[in-house]
1. Please list, ordered by first then second residue, the pairs with beta carbon atoms under 7 Å, 6 or more apart or interchain, first in region 105-119 and closer than 18 Å to Lys92 by Cα, second buried (at least 16 other Cβ atoms within 10 Å of the Cβ) and hydroxyl-bearing (Ser, Thr, Tyr).
2. Among the residues that make up region 13-31, is at least one of them among the small types (Gly, Ala, Ser), modelled with pLDDT of 95 or more, in a helix (DSSP H, G or I) and out of contact with any Lys or Arg (no Cβ under 7 Å at 6 or more places or on another chain)?
3. Using the structure shown, decide if Leu34 is among the aliphatic types (A, V, I, L, M), surrounded by 14 or more Cβ atoms within 10 Å (Cβ to Cβ), farther than 20 Å from Gln106 by Cβ and in contact with a Ser or Thr (Cβ under 9 Å, 6 or more places away or on another chain).
4. Considering only residues that are within 20 Å of Val36 (Cβ to Cβ) and not charged (D, E, K, R), which ones fall in region 76-94?
5. Considering only region 61-78, state which residues are loosely packed, with under 14 Cβ neighbours inside 10 Å and farther than 23 Å from Lys93 by Cβ.
6. When both residues are 6+ apart or on different chains and their Cβ atoms are under 6 Å apart, which pairs have a first residue that lies in region 70-86 and is on the phi < 0 side of the Ramachandran plot, and a second that is polar (S, T, N, Q) and surrounded by 14 or more Cβ atoms within 10 Å (Cβ to Cβ)?
Amino acid sequence: MRSEAFAISALILAAAILCGCLGGEQEQTTAPDLIVKISSPRAGSIITNDKTLAMDATANGGKGPYKYVWSSSLNGRLGEGKSLSLAGSKLKKGEHTIIVQTTDSQGRQVQGSVIIRAM
């Protein structure tokens, strides 16, 4: 009986140590959720041949630095970077879903999108 009580006490102590329940502060090991917001272009924008498609996004949470990859549902990959510009004449005509896929330094990914029209 005494050895069982000792074994149970040892297990409880080990569990308390592993979960950080005994003294001190537990260090946060996970970063906040990764989110990305596209500030440009605005949804519903119309881009003509003589205009420039300006793309800009901001990531928050996760753990920087961040990688941004831009693509279009009609044109495919557009380029990389927090901000990117593309001549309207380079866009296929029609409705585009502009997508930015953002990856943080820990490999977590999130994407944002807006719909625009190229004319």
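The values are calculated or read from the model by the stated rules, or taken from the named source; none is laboratory data. For clarity, every value in this text was computed on a predicted model and none was experimentally measured. Here Cβ is always computed from backbone atoms with ideal geometry, including for glycine, and neighbour counts include all displayed protein chains.
1. As it stands, the answer is Ile116/Ser45, since those pairs meet every condition given.
2. No: region 13-31 contains no residue that is among the small types (Gly, Ala, Ser), modelled with pLDDT of 95 or more, in a helix (DSSP H, G or I) and out of contact with any Lys or Arg (no Cβ under 7 Å at 6 or more places or on another chain).
3. Working: among the aliphatic types (A, V, I, L, M): yes; surrounded by 14 or more Cβ atoms within 10 Å (Cβ to Cβ): yes; farther than 20 Å from Gln106 by Cβ: no; in contact with a Ser or Thr (Cβ under 9 Å, 6 or more places away or on another chain): yes.
In short, no.
4. Taking region 76-94 and keeping what is within 20 Å of Val36 (Cβ to Cβ), we get 76-86.
Residues satisfying the conditions are Gly76, Leu78, Gly79, Gly81, Ser83, Leu84, Ser85, Leu86.
5. First, pick out the residues of region 61-78 that are loosely packed, with under 14 Cβ neighbours inside 10 Å: 64-65, 76-77.
Result: Gly64, Pro65.
6. Pairs found: Arg77/Ser71; Leu78/Ser71; Leu78/Ser72.
Residues are listed down the side, and each one gets a yes or a no for (1) within 18 Å of Gly44 (Cα to Cα); (2) under 12 Å from the mean Cα position of the chain (by Cα):
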site: Ala59; (1), (2): no, yes
site: Ser71; (1), (2): yes, no
site: Leu78; (1), (2): no, no
site: Gly88; (1), (2): yes, no
site: Val114; (1), (2): yes, no
